[in-house]
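One structure below.
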Amino acid sequence: MTDSELSRIDVLTLLPQCPPFVMIDRLTHFDETVTTTQLTVRADNLFTEADGHLNPCALVENIAQTCAARMGYINRYIYRQRVRLGYIGGIKNLQVLRTPRVGELLTTSVEVLQEVMRLTLVNATVRVGDEVIVTAEMKIALSDIEVK
């Protein structure tokens, strides 16, 4: 699929999460090693604080859901299987340089560093425009539990 076609996929079909706990709006890129999603920070987001900033916990979940969208896409469109539940297995070197504000568009990319059986290690970057606001390494463990 082209990036344009990817962005038209309903992300709810790729994720085990349901609203209001969905922290990505669209899948914008997928290849063997890199997956990219976008999220517009809205005032009604579960993690938006009174000062109009997104809580850092939402940024971790945004990265995890970008990983989930990657696996959801693989399971649904490549393997023709159901979406499976995944778990954060570890977070390393998390740096939150700043928290985004309502109205800002987050672009989150995860690059697969290693995949062994059902464990995936990724390097993650969250940007607002050209500005990097979060970096981290994350391990995601995929379970046998099917959803949706």
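Looking only at residues of the stretch 99-139 that are farther than 30 Å from residue 52 by Cβ and among the aliphatic types (A, V, I, L, M), we find that the one that is least open to solvent (accessible area, probe 1.4 Å) is 112.
Here the stretch 105-138 is the region considered, the condition is being over 20 Å from residue 45 (Cβ atoms) and assigned to a loop (DSSP other than H, G, I, E, B), and the residue that is farthest from the chain's Cα centre (by Cα) is 117. Among the residues of the stretch 72-82, not a single one is assigned to a loop (DSSP other than H, G, I, E, B), under 18 Å from residue 133 (Cβ atoms) and touching a residue at least 24 places away in the same chain (Cβ under 8 Å).
For the stretch 83-100, filtering for residues that are free of Cβ contacts under 8 Å to residues at least 60 places away in the same chain and touching a Leu at 6+ places or on another chain (Cβ under 7 Å) leaves 4.
Count of the stretch 56-78 residues, restricted to those that are open to solvent by 30 Å² or more (accessible area, probe 1.4 Å) and hydroxyl-bearing (Ser, Thr, Tyr), is 1.
Just one of the numbered conditions (1) open to solvent by 50 Å² or more (accessible area, probe 1.4 Å); (2) at pLDDT below 95; (3) under 17 Å from residue 17 (Cα atoms) is not true of residue 87: (2). If you go through the stretch 25-55 and pick out every residue that is surrounded by 14 or more Cβ atoms within 10 Å (Cβ to Cβ) and either without any contact (Cβ under 8 Å) to a residue 24 or more places away in the chain or of a type in the set (S, T, N, Q) (or both), you end up with 10. Selection of first residues in the stretch 102-126 that are on the phi > 0 side of the Ramachandran plot and of second residues that are buried (at least 18 other Cβ atoms within 10 Å of the Cβ), restricted to Cβ pairs under 7 Å at least 6 apart or on distinct chains, gives the following pairs, ordered by first then second residue: 103/41.
The values are calculated or read from the model by the stated rules, or taken from the named source; none is laboratory data. Just so we're clear, the structure is a prediction, and the values are computed from it rather than from any experiment. In this analysis, Cβ positions are derived from the backbone assuming ideal geometry, glycine residues included, and neighbour counts consider all displayed protein chains. The accessibility values were calculated without ligands, DNA or RNA, using every heavy atom of the protein model including side chains. Shrake-Rupley method; radii C 1.70, N 1.55, O 1.52, S 1.80 Å.
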